[in-house]
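K.L.:
Have a look at this one.
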Amino acid sequence: MDILVIGSGGREHAITWSAALSKKAGKIFCAPGNPGTAQLAENVDIKADDLEGLLKFALDKKIGLTIVGPEVPLVMGIVDLFTENGLKAFGPGEDGAQMEGSKVFTKNLFKKYNIPTADFGEFDESAAAIKYIKANKKYPLVVKADGLAAGKGVIIAKNELEAVAAVADIMSRKIFGAAGDRVVIEEFLEGEEASILAITDGETILTLPAAQDHKRIFDGDMGPNTGGMGAYAPAPAVTGAVLKVITDTILYPTIKALRSEGIIYKGVLYAGIMLTPSGPKVLEYNVRFGDPETQAVLPLLKTDIIDICMAAIDGTLKNIRLEVKDMAAINVVLASRGYPGEYEKGKQVTGLDAFKGMDDMIIFHAGTAIKDGKTVTSGGRVLNITAIGKDIKSAVEKVYKYVDRVRFDGVYYRKDIGKRAL
Ligand code: AMP
Ligand code: GLY
């Protein structure tokens with residue numbers, strides 16, 4: 001069957017790479033894709049939020065399966081639109097995508113169904129938010145914009161002054177735009193974070209190997225938050241016993257809660273988990289594959305990704321036995337100097353052939369473009385260098401042995417991805 005992958009980042013290159021391994025895959029298209037996906041698929045110049053354009057293309061080409069990468073088209077309801085038109089698209093409908101689209105929706109779901117999370121208050125006017133802050137005694141305190149803010153809408157306030165300023169920035173100055181019409185203010189949770197990417201058809205849940213992201217720009221988790229500077233899987237902090245607690249107290253209760261609200265959630269259920277001293281708690285849900293977690297998780301999968309996606313859509317996930325390699329993978333993001341702030345583009349990338357013929361090293365493209373026949377940088381997160389090894393230690397050694405073979409002017413990457421796990 002022919003496949004359409006929607007999106008243009010490292011995550012979408014990894015999804016395309018995984019789909020290309022499937023015997024079921026016919027032609028693969030990527031909209032809009034990047035120079036990495038172009039090596040495996042045909043890129044089509046349709047933006048990820050052009051729902052009508054994507055629908056027309058998928059109908060024209062009789063696409064058998066569409067895999068949606070980013071959250072924006074999901075929140076816009078692309079899966080409903082495709083389904084109404086007789087197409088199969090992997091991901092939640094607009095109703096389920098609210099889990100990422102609105103923190104207020106999700107936190108209230110957690111509260112109503114007793115799903116372990118940080119204590120919180122939600123506010124649609126700043127006076128009430130400030131009153132809540134004044135009554136709060138414990139710091140830090142976390143202030144979050146309600147809506148989509150490209151992973152940036154979270155402020156960790158160290159004291160009352162900062163918390164009040166955060167509310168003003170989000171609700172009055174609208175630093176995250178309309179996402180700040182409402183805020184969630186919540187307790188700061190201590191612990192190690194893990195990303196649990198699970199596949200569900202609304203009844204059955206299959207968890208992929210647990211991953212850990214590295215959100216801050218600098219080594220030692222210093223500096224501002226980014227989209228993610230690297231990831232590894234499986235995360236040793238998530239032992240089998242911990243995963244069982246997460247599955248039993250967070251993941252299954254969530255899809256059950258959604259069912260009680262009339263929502264059959266299908267697709268990726270990506271739980272951002274804090275492993276606190278009093279047990280795992282969910283910080284947030286994303287309704288799609290994580291980036292950069294996917295670039296470390298999918299290379300570990302033995303089961304055909306197309307079978308998994310189709311079973312999730314068809315509600316037959318209970319028939320799938322998920323098989324993963326007994327190995328570890330790590331992914332280091334090569335970023336443009338200046339990211340997540342201002343950075344230059346158009347720098348030529350060299351060394352992209354460095355790992356040809358090596359099946360344990362993969363380059364996933366993110367912010368690259370082709371200019372005058374050459375690959376150049378076009379974004380903040382430019383490339384993902386992924387290594388697979390028998391364990392995290394060997395994967396870490398491998399990735400850092402080879403990472404410098406790929407170069408561009410102003411390349412920056414973290415030197416400590418995966419070190420926490422060793
Ligand atoms: P979110 O977009 O909700 O995942 O938040 C982004 C990042 O902020 C998370 O990955 C955490 O590192 C941090 N964060 C969010 N909420 C909390 C919390 N309640 N306690 C501690 N850290 C948090
Ligand atoms: N790695 C964080 C995210 O995908 O949102």
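K.L.:
If you check 393, 398, which single one turns out to be of a type in the set (Lys, Arg), crowded, with 19+ Cβ neighbours inside 10 Å and over 22 Å from the mean Cα position of the chain (by Cα)?
P.N.:
Every option except 398 fails the conditions.
K.L.:
Can you say whether residue 178 is assigned to a loop (DSSP other than H, G, I, E, B), over 17 Å from the mean Cα position of the chain (by Cα), more than 13 Å from ligand 1 (Cβ to nearest atom) and among the aliphatic types (A, V, I, L, M), as far as the supplied structure shows? Walk me through it before giving the result.
P.N.:
Details: assigned to a loop (DSSP other than H, G, I, E, B): no; over 17 Å from the mean Cα position of the chain (by Cα): yes; more than 13 Å from ligand 1 (Cβ to nearest atom): yes; among the aliphatic types (A, V, I, L, M): yes.
It is false that residue 178 is assigned to a loop (DSSP other than H, G, I, E, B), over 17 Å from the mean Cα position of the chain (by Cα), more than 13 Å from ligand 1 (Cβ to nearest atom) and among the aliphatic types (A, V, I, L, M).
K.L.:
Being within 19 Å of residue 97 (Cα to Cα), open to solvent by less than 10 Å² (accessible area, probe 1.4 Å) and at pLDDT 95 or above is the requirement here; does residue 15 meet it?
P.N.:
Spelling it out, it is not the case that residue 15 is within 19 Å of residue 97 (Cα to Cα), open to solvent by less than 10 Å² (accessible area, probe 1.4 Å) and at pLDDT 95 or above.
K.L.:
Among the residues of the stretch 211-236 satisfying the criterion of being away from ligand 1 (no atom under 14 Å from the Cβ) and open to solvent by 10 Å² or more (accessible area, probe 1.4 Å), which is farthest from residue 390 (Cα to Cα)?
P.N.:
So, considering only residues that are away from ligand 1 (no atom under 14 Å from the Cβ) and open to solvent by 10 Å² or more (accessible area, probe 1.4 Å), the one farthest from residue 390 (Cα to Cα) is 218.
K.L.:
Given the criteria modelled with pLDDT under 95 and among the β-branched types (Val, Ile, Thr), does residue 68 qualify?
P.N.:
No; evaluated as a whole, the condition is false for this residue.
K.L.:
Output the qualifying pairs, or none if there are none: Cβ atoms under 7 angstrom, residues six or more apart or on different chains, first residue in the stretch 180-196 and in contact (Cβ under 8 Å) with a residue 24 or more places away in the chain and of a type in the set (Phe, Trp, Tyr), second residue in a strand (DSSP E or B) and near ligand 1 (Cβ under 8 Å from one of its atoms).
P.N.:
Sorted first by the residue in the stretch 180-196, then by its partner, the pairs are 188/142; 188/156.
K.L.:
Quick check: is even one residue across the stretch 45-56 of a type in the set (A, V, I, L, M, F, W, C), buried (at least 21 other Cβ atoms within 10 Å of the Cβ), assigned to a loop (DSSP other than H, G, I, E, B) and under 21 Å from the mean Cα position of the chain (by Cα)?
P.N.:
Among the residues of the stretch 45-56, at least one is of a type in the set (A, V, I, L, M, F, W, C), buried (at least 21 other Cβ atoms within 10 Å of the Cβ), assigned to a loop (DSSP other than H, G, I, E, B) and under 21 Å from the mean Cα position of the chain (by Cα), which makes the answer yes.
K.L.:
Can you pull out the residues in the stretch 197-217 that are under 23 Å from residue 309 (Cβ atoms) and either free of Cβ contacts under 8 Å to residues at least 40 places away in the same chain or aliphatic (A, V, I, L, M) (or both)?
P.N.:
197, 198, 199, 205, 206, 208, 210, 211
K.L.:
Scan the stretch 79-100 and give yes if some residue there is crowded, with 22+ Cβ neighbours inside 10 Å, in contact with a strand residue (DSSP E or B) (Cβ under 6 Å, 6 or more places away or on another chain), of a type in the set (Lys, Arg) and touching a residue at least 12 places away in the same chain (Cβ under 8 Å), otherwise no.
P.N.:
For the stretch 79-100, residues crowded, with 22+ Cβ neighbours inside 10 Å, in contact with a strand residue (DSSP E or B) (Cβ under 6 Å, 6 or more places away or on another chain), of a type in the set (Lys, Arg) and touching a residue at least 12 places away in the same chain (Cβ under 8 Å): absent.
K.L.:
On to the next question. Considering the stretch 401-422 alone, what residues qualify as being surrounded by 15 or more Cβ atoms within 10 Å (Cβ to Cβ) and outside any loop (DSSP other than H, G, I, E, B)?
P.N.:
402, 403, 405, 407, 411, 412, 419, 420, 421
K.L.:
Of the conditions (1) exposed (fewer than 15 other Cβ atoms within 10 Å of the Cβ); (2) within 23 Å of the chain's Cα centre (by Cα); (3) away from ligand 2 (no atom under 16 Å from the Cβ), residue 124 fails just one. Which one is it?
P.N.:
(2)
K.L.:
Next question, about the same structure. Go through (1) within 29 Å of residue 24 (Cβ to Cβ); (2) within 14 Å of ligand 2 (Cβ to nearest atom); (3) outside any loop (DSSP other than H, G, I, E, B) one by one and return the number of the condition residue 288 breaks.
P.N.:
(3)
Residues checked against (1) of a type in the set (Phe, Trp, Tyr); (2) open to solvent by 10 Å² or more (accessible area, probe 1.4 Å); (3) within 16 Å of ligand 2 (Cβ to nearest atom):
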| residue | (1), (2), (3) |
| --- | --- |
| 259 | no, yes, no |
| 265 | yes, no, no |
| 269 | no, no, yes |
| 280 | no, yes, no |
| 283 | no, yes, yes |
| 295 | no, no, yes |
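The values are calculated or read from the model by the stated rules, or taken from the named source; none is laboratory data. Just so it is clear, the structure is predicted and the values come from calculations on it, not from any experiment. So basically every Cβ, Gly included, is an ideal-geometry build from the backbone, and we count neighbours across all protein chains shown. Heads up: the accessible areas ignore ligands, DNA and RNA and are worked out on the full protein's heavy atoms, side chains in. Shrake-Rupley method; radii C 1.70, N 1.55, O 1.52, S 1.80 Å.
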